[in-house]
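**Q** Before I ask anything, here is the structure I am working with.
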Amino acid sequence: MPFTDLDKIFWSRAALGAVGGTLSELLTGCQVIVSGPSAGTCEGGLVQDYSTGILIGLFLFLGSYYFIKLTIGKKFPKADQGKIYMTGLGSYALLYVFFWVFLYTLGITYLNL
């Protein structure tokens, strides 16, 4: 059974969510100190800033929307243009948050072994 255009959009957004969550942790994550007098702070005196990671996620999703709209989206009739935006939204968001939190947790665990 071949992939339809909506299947391609769904799976590309799912993959982009995983890549985006990983990218957000690698670019904005800090290694948190768990024990000691400076527990809960980042190593090296950095400040935890989650707004940059959230903005990365929003810009990646909006970028994927406009990229899909200019490429595959030309095939869709005017009545189905909303499907371009909504297809894969949930999988993108959940995979983005999952990978971001998962890698953050691994970073804390690895630092404190």
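**Q** If we count every other residue with Cβ under 14 angstrom of VAL19's Cβ, Lys/Arg +1 and Asp/Glu -1, where does the sum land? Show your work: numbers first, answer last.
**A** Values: positive: ARG13; negative: GLU25.
Spelling it out: positives minus negatives among the neighbours equals 0.
**Q** Order these by the 10 Å Cβ neighbour count, fewest first: GLU43, GLU25.
**A** Numbers: GLU43 11, GLU25 21.
Going from sparsest to densest Cβ surroundings: GLU43, GLU25.
**Q** How far apart, in nanometres, would the label points at LEU27 and PHE3 be if each is projected 7 angstrom from Cα along the Cα-to-Cβ direction?
**A** It works out to 2.4 nm between the two label points.
**Q** Right, here's the next one. Per the helix-only calculation at 222 nm, which mean residue ellipticity applies to the chain, given -39500 (n - 2.57) for every DSSP H run of n ≥ 4 and division by its residues, nearest 500 deg cm²/dmol?
**A** -22000 deg cm²/dmol
**Q** Before anything else, pin down the relative contact order of segment 31-93: Cα pairs under 8 Å, at least 6 apart, normalised by residue count, whole percent. Working shown, then result.
**A** Details: 23 pairs, mean separation 11.0, N = 63.
Worked out over segment 31-93, it gives 17 percent.
**Q** At most 15 other Cβ atoms within 10 Å and a DSSP loop assignment: could you name the chymotrypsin sites (Phe, Trp or Tyr not before Pro) in segment 1-66 that fit? Mind showing how you got there, number by number?
**A** Working: sites: PHE3, PHE10, TRP11, TYR50, PHE59, PHE61, TYR65, TYR66; in loops: PHE3, TYR50.
For chymotrypsin sites (Phe, Trp or Tyr not before Pro) across segment 1-66 that sit outside H, G, I, E and B with at most 15 neighbouring Cβ atoms in 10 Å, the list reads PHE3, TYR50.
**Q** Then there's this: Between PHE102 and MET86, 0.36 nm times their residue separation minus their Cα-Cα distance comes to what?
**A** 3.2 nm
**Q** Taking all pairs of different Cα atoms in the chain, averaging 1/r and flipping that mean, what Kirkwood radius in angstroms comes out?
**A** On the way: mean 1/r = 0.0638 Å⁻¹.
Mean inverse Cα-Cα distance, inverted, gives 15.7 Å.
**Q** Can you tell me the FRET efficiency between VAL19 and ILE72 if r is taken as the Cβ-Cβ distance and R0 is 22 Å, rounded to the nearest 0.05?
**A** Details: r = 19 Å, r/R0 = 0.86.
Once rounded, the FRET efficiency stands at 0.70.
The numbers here are math on the coordinates, done by the rules we state, and not lab data. Quick caveat, the model's predicted, so the values are computed rather than measured. We place every Cβ from the backbone using ideal geometry, glycine too, and count neighbours over all the protein chains shown.
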